[in-house]
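First up is the structure itself, then whatever we jot down about it.
The numbers here are math on the coordinates, done by the rules we state, and not lab data. Everything numeric here is computed off the predicted structure, so don't read it as measured data. Here Cβ is always computed from backbone atoms with ideal geometry, including for glycine, and neighbour counts include all displayed protein chains.
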Amino acid sequence: MSTPDISIMSSTENLLKLSKESFSAPVAQCDENFEHSDVPDWLTKDYLEHYLRAYHQDRKLKILRWNIRPALGKGENYGGVLTRIRADYQTSMGTVATGHYIVKTSFESDEFVQKTMEPYDIFNREMSVYEKVLPRLNELLREIDDNEQIFAETLAVDRERSALIFEDLNVREFIMPNRLAGLDMTLAKMVLRKLAKMHATSAVLNERENGCLESYDRGFFNRHTDNYMPGFEQLLMACSRRVRQWEDYELYAEKITNLKSNYTELGKRVFDPNPSHVNVLTHGDLWTNNVMVKYDKITGEPVDVIIIDFQYAVWGSPAIDLHYFLNTSLEEDMHLHRQDELIQCYYQTFADTLCKLRYRAEIPSLHKFHLQLEEKAFYAFNSTCVILAIQRNEETEDADFKAIMQDDERATRFKDTCFKNMYVQRVIKKLLPIYERRGLLEVEQ
Amino acid sequence: MKDTQFHTAPLWLTTEYLEPVLRKYKKDEGLIITKLVIKPATAKGDNYASVMTRIGVDFILSTKEAEHASYIVKTSHESDPFTAGIMSKYDIYKTEMLMYERILPKLTELLKEIGDGDKLFADTIHVDYEHSAIIFEDLARLNFVIPDRLAGMNEAQAMITLKKLAKMHATAAVLDERMPGVLTKLQRGIFNRTTKGFAPFFEGVFEACADFAVECPALGAYYKNKLMKLKSHVMEYGTRSFDAYNGDFLTLTHGDMWTNNVMLRYGNGSDGQLQIKDILLIDFQFSAWTSPALDLHYFFHTSLTLDFKLHREDELVQYYHGFLAETLRQLNYEGHIPSLHEFCVQMELHRFYAVASSIACQALLINDQTDEADFNTLMGSDDRSYKFRHLLYKNKRTQESAIALLPYFDRKGLLDVSD
C-alpha cells in the first residue's frame, strides 16, 4: 500500500509546526473559479474520517484539521467534480500524519448534463473499474514479479454517493503534463508501456474469468446510446467550416460535411469488438489530462507516469486507445511522423506481458497488430479532426460539457473557437490529405 | 562480345512452320514467305524466364502485294534443363499461352462492351502448346519502347500503367463471373502453394542484403541478424502473402508487373510536346488468381523511384482504386467492390510481398552488372552464384532503397519471425 507522507510525531511542538506548514504539494492550474457549491455538501470531515478509519483499519483515527478545495479549473475535466483534501489525522497509537486525497464525485446540479450523461453510466463504471478490475490487474502483474504502479491507489469507493477517494498523486510529485504542449517521446513511451501492461493484463483477466470484462460496452461510441453524437457531429461540422476557409481544401470540407450522414455508424464500428482481433479493456479516454507525471526535481526529466480516469473504459480493440492517444496527446513531430515507432514500443511490452502471463489465445504478430489498427483507422481521423481541437483549446472561459453538447450560439461559438487554434489547424491541414487518400473521408468505407 | 543468346532460338522456327501460321492470321491461303530473319529480341538481364526471338518476315500475298512484318516469338528454355526444370514447376508457359489464347482477348472485349476502346495487351498471332511458344505482334516495330528499368518510371508512366492495370483487374474479375472456373485455376504466381523453386534466389538475395546491411553504417548488425533469421521463412511468408483472406477482393493478377513488362508509345500531343500515347502490358507468365495488392506491391518496389515508395504510395493506390472501382461499376460487377479504405487494409494484409519485392526482386531487376545475369547464376549454390547475388547489392539505387525501407518494414513488424 502506497501511503501519504507519514511524519511520525510525538510532541505537541511538532503538531504546531505542522499546522503552520503551507500546502506544499504542487498543483495544476486552477483556483480563480473556486466555488464552494462545487464541493458536495456531504463531503465533511466526518465523511472522510469514516473512510480513513476503514482504510487504515483504525477505529480510533481522528481528523484534527483539514483543508478542502476544488482540484481543477474549467476545461480540464468534463466528467465530474474533483476535490482536493489535505487532512492531518491522529491514529490510535497517538501518531499524527498528514494525508492528501482527491475525492471524485459526479455532477449534481445541471439537469441537461445529467440526462445526457446518464446512459453512459460513467460514475458507476469508474467505481467498478477501480473497485473490481484494477486491483485484479495489479495482482496479475505481481504474478510475473512486476511491481510497477499503473493506476492511482484507491482508498475508498462509495457507491451510494458515487464517490471515489484516491491518494492525491500531487503529493508523490505527480503532476499533470502541459495539456497544450503534447507529450514528448520519452513520456509517450512511458505512457504506452503502462497502457500495454494494462491492456495485456485485462486480456488475460478476461480470458481467465470467462469474459468478465466484456460487459464494459459504453464507450464514446456504443450500440446502446447516441447521447453524445450531436456533440461530436457538431464538432465535425465546426471542423468542416474551418477547413473550408483554407485555400484548395474545398474538396476536403465537402467530404467532411458529407461524412456526417454516416459518422456515428463509422464510429461505432471502431468500437465494435472484432472477434478475430485481440481485445482488451481500453481506457476509452486516454489523453494528456488523464496521465500524471512525476518529474525529477533536478533534471526535470520524467521519471514515472500514472494513468487516471476510467469513466469510459470499454472492452474492445487497443486501437481505440492508441489512435486516440497518438492523435491527441503528442508533440507535433511525433503526431505526424513517428507513430509507427511508438506503436512498436507499445507492442513490445504488450506482447511480452501477454506471453509472460501465458495468454492462451493467439498473440498477434506486430504486423497483424498493425493490420488491426488499420482496420480501425477511422478513429485516427476522428481523434485528429474532431477531438484534438477541444483538448488543445486555450480559451477556457466557455469550456464545459454544455458547450460541447449543445448547439446554441454560445456552444457554436465555443466550437468555432476551438478550431481557430493555430496548432490544431496546422496538424489537421497536414493530415487531412493523408486520411483522404486512405479512404477515411468516404461516407461508405 | 559473343552473342550467347543466338543459339537458344528455337530450331523449329522455320519458314515451313511460319507459313501456315501467317496464312491463318492474315486470312490469306495464298501467302508465301520470301525471307525470314531471326534475331534475339532481348539482352541479358531483361528476361530470365523465357527466350525472346524477333522474326522479320518478308512475304507476298495472293494479291501479289509484298509486305514486311515483325513478330516476337516467346519460347521456353527447352535446351537448358536446369532452367526448364524449375520453370516448368511454375507452369509459366502454359499460363501465358492460356492468357494469350483465351483470357486476354476476352478482357479486351469486356472493355469494348462499356465503350472503352482501350487496348491493354499486344495482339496474339499464334499460340503453340506443343512447342510452348507464343507469337505476338512486335510492339517495338510499332514504336513501342520499354521504360528505363534502371532509373524507374516517372509519374506519367506510373499513372498510366496503374490505370491499365486497374482495367485489367476489373475486367478479369467480371470475366470470372461470366466464365467461372477458368481464371481461378491459375495458381502459380511467383509464390504459390505448389513449388518453392525460387527459394535459392530469394533466400540467397536476402542473405546478400543482410551482408550489405552489416557493412552499412545506417543499418548495422541489427538488420543483418533480423534478415538472416527471416531468410529461412521468406518462402513461407511470401507464399502466405499470396493466399486469399476473408473479405479480399480477388482477380487475375499480372504476376510480374514491372518496368520491362510495360511498353510505351510516345507521340506529339496537341501542344507539340512529346507525351505518352499508349501503353500495353506484356508477359503474363506468372498471372495468378489472387489479390491485386500483390501486383501493386511488386510494381511499386521494382519499378518506381524511392520518392514514390516513401511518400506517394497512398496517392498511387487511390488513383488505381478509382479506375478499378469505376470499371467494375460500369461492367455491373456483382461482387463487393472494395471501398478505398478496405483496399488499403488489403494492401496492408499482403504487405510482406512488398518486402520480398523490395529486397530481392528489385535488386535483380534494376541490376546493371549484367555479364553474369542469367537464370543459372541466379539460382545456383556455387561460388559464382553467391558472388553474383552479392553483386546485386553494389547497385546504388538498391542500396538506397534498403537503407530507406528496411527501418520502415521493421517498424511494421514485417521483418519479424513470428512462429
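So what are the ³J(HN,Hα) numbers for the range A:286-297, from phi and the Karplus equation (6.51, -1.76, 1.60; θ = phi - 60°), rounded to whole Hz, Gly and Pro as x?
In residue order, the calculated couplings are 7, 9, 2, 6, 9, 10, 10, 10, 9, 9, 5, 4 Hz.
Could you pull out the pairs from B:Lys196/B:Lys231; B:Lys74/B:Lys163; B:Lys39/B:Lys74; A:Lys194/A:Lys402 whose alpha carbons sit more than 23 Å apart here? Intermediate values should be presented prior to the final figure.
Details: B:Lys196/B:Lys231 14 Å; B:Lys74/B:Lys163 26 Å; B:Lys39/B:Lys74 12 Å; A:Lys194/A:Lys402 33 Å.
In this structure, B:Lys74/B:Lys163; A:Lys194/A:Lys402 lie more than 23 Å apart at Cα.
Under the Kirkwood approximation for Rh and a Cα-based Rg, what ratio Rg/Rh is obtained for the range B:289-349?
0.99
State the extension gain, in nm to one decimal, for the chain segment bounded by A:Gln114 and A:Arg69, taking 0.36 nm per residue of separation less the distance between their alpha-carbons. Don't skip to the end; give the middle numbers.
Details: separation 45, 0.36 × 45 = 16.20 nm, distance 2.29 nm.
Result: 13.9 nm gained on full extension.
Just how many % of Cα pairs in the range A:362-445 lie over 22 Å apart, if you round to the nearest whole percent? Before the final figure, lay out the partial values.
Details: 1472 of 3486 pairs.
Within the range A:362-445, distances greater than 22 Å cover 42 percent of Cα pairs.
Quick one: Karplus J couplings for the range A:379-389, per residue in order, coefficients 6.51, -1.76, 1.60, θ = phi - 60°, nearest Hz, x for Gly and Pro?
6, 5, 4, 4, 5, 6, 9, 10, 8, 3, 4
Say we join alpha carbon atoms closer than 10 Å with springs in a Gaussian network model of chain B; which of B:Ser62, B:Ser339, B:Ser381 then has the biggest fluctuation?
B:Ser62
Taking the Cα centre of the range B:145-266 as origin, work out the dipole magnitude from +1 charges on Lys and Arg Cβ and -1 charges on Asp and Glu Cβ, in debye rounded to 20. Write down the numbers at each step before the final one.
Details: 15 positive and 12 negative charges, 52 e Å.
It works out to roughly 260 debye.
Could you list, in their original order, any pairs among B:Lys167/B:Lys224; A:Lys356/B:Lys309; B:Lys64/B:Lys277; B:Lys226/B:Lys394 whose Cα atoms are separated by more than 29 Å?
Violating the 29 Å Cα-Cα cut-off are B:Lys167/B:Lys224; A:Lys356/B:Lys309; B:Lys64/B:Lys277.
Which residue fluctuates the most in chain A, going by a Gaussian network model with Cα springs under 10 Å, if the choices are A:Thr282, A:Thr412, A:Thr328?
In this elastic network of chain A, the residue with the biggest mean-square fluctuation among A:Thr282, A:Thr412, A:Thr328 is A:Thr412.
Quote the Stokes-Einstein diffusion coefficient, in whole µm² s⁻¹, for the protein assembly as shown, based on the Kirkwood radius over alpha carbon pairs, a temperature of 4 °C and a viscosity of 1.567 mPa s. If you can, show how the numbers build up before the last one.
Details: Rh = 31.2 Å.
Once the numbers are plugged in, D ends up at 42 µm²/s.
Once you have the Cα-Cα distance between A:Val303 and A:Thr44, take 0.36 nm times their residue separation minus that, and quote the gain in nm to one decimal.
Result: 89.7 nm gained on full extension.
How much FRET efficiency would the formula 1/(1 + (r/R0)^6) give for B:Lys106 and B:Arg329, where r is the Cβ-Cβ distance and R0 is 22 Å, rounded to 0.05? Don't skip to the answer; put the middle values down first.
On the way: r = 19 Å, r/R0 = 0.88.
Once the sixth-power term is evaluated, E becomes 0.70.
For the pair A:Arg241 and B:Gln318, how long in nm is the line joining their label points, each one 7 Å along Cα→Cβ?
In this crude spin-label approximation the distance works out to 2.6 nm.
Rounded to the nearest 0.05, what FRET efficiency do A:Lys402 and B:Asp271 have when you use their Cβ-Cβ distance and R0 = 51 Å? Show your work: numbers first, answer last.
Numbers: r = 60 Å, r/R0 = 1.17.
Efficiency at R0 = 51 Å is approximately 0.30.
Over the Cα atoms of the range A:38-149, compute the convex hull volume and normalise it per residue, giving Å³. Don't skip to the end; give the middle numbers.
Details: hull volume 16.4 nm³, N = 112.
Given the Cα convex hull of the range A:38-149, per-residue volume reads 146 Å³.
Give the separation of the Cα centroids, the range A:118-161 to the range A:356-393, in Å.
Rounded to whole Å, the Cα centres lie 23 Å apart.
How high is the FRET efficiency between A:Asp121 and B:Glu155 when r is their beta carbon distance and R₀ equals 60 Å, given to the nearest 0.05? Intermediate results must be reported in sequence, preceding the final value.
Working: r = 54 Å, r/R0 = 0.90.
Efficiency, from the Cβ-Cβ distance: 0.65.
Return the aspartates and glutamates within reach of B:Lys26: Cα separation strictly under 20 angstrom, same-chain partners fewer than 8 residues apart disregarded; answer none if there are no such residues.
Leaving aside aspartates and glutamates fewer than 8 places away in the same chain, those within reach of B:Lys26 are B:Glu16, B:Asp58, B:Glu65, B:Glu67, B:Glu101, B:Asp123, B:Asp128, B:Glu137, B:Asp138.
So what is Rg over Rh here for chain A, counting just Cα atoms and using Kirkwood for Rh?
Numbers: Rg = 22.4 Å, Rh = 23.0 Å.
Rg divided by Rh gives 0.97.
Would you kindly calculate the mean projected area, averaged across all directions, of the convex hull enclosing the Cα atoms of the range A:177-437, in square nanometres? Numbers along the way, then the final one.
Details: hull surface 57.5 nm².
Mean projected area of the Cα convex hull: 14.4 nm².
Apply the Karplus parameterisation 6.51 cos²θ - 1.76 cosθ + 1.60, with θ equal to phi minus 60°, to every residue of the range A:177-192 and state each ³J(HN,Hα) to the nearest whole Hz, in sequence, with x for glycine and proline.
Result, rounded to whole Hz: x, 5, 4, 8, 9, x, 7, 8, 4, 4, 5, 4, 5, 4, 4, 5.
Taking just the alpha-carbon atoms of chain B, what radius of gyration and Dmax come out, in angstrom?
Every Cα atom of chain B included, Rg and Dmax give 21.7, 73 Å.
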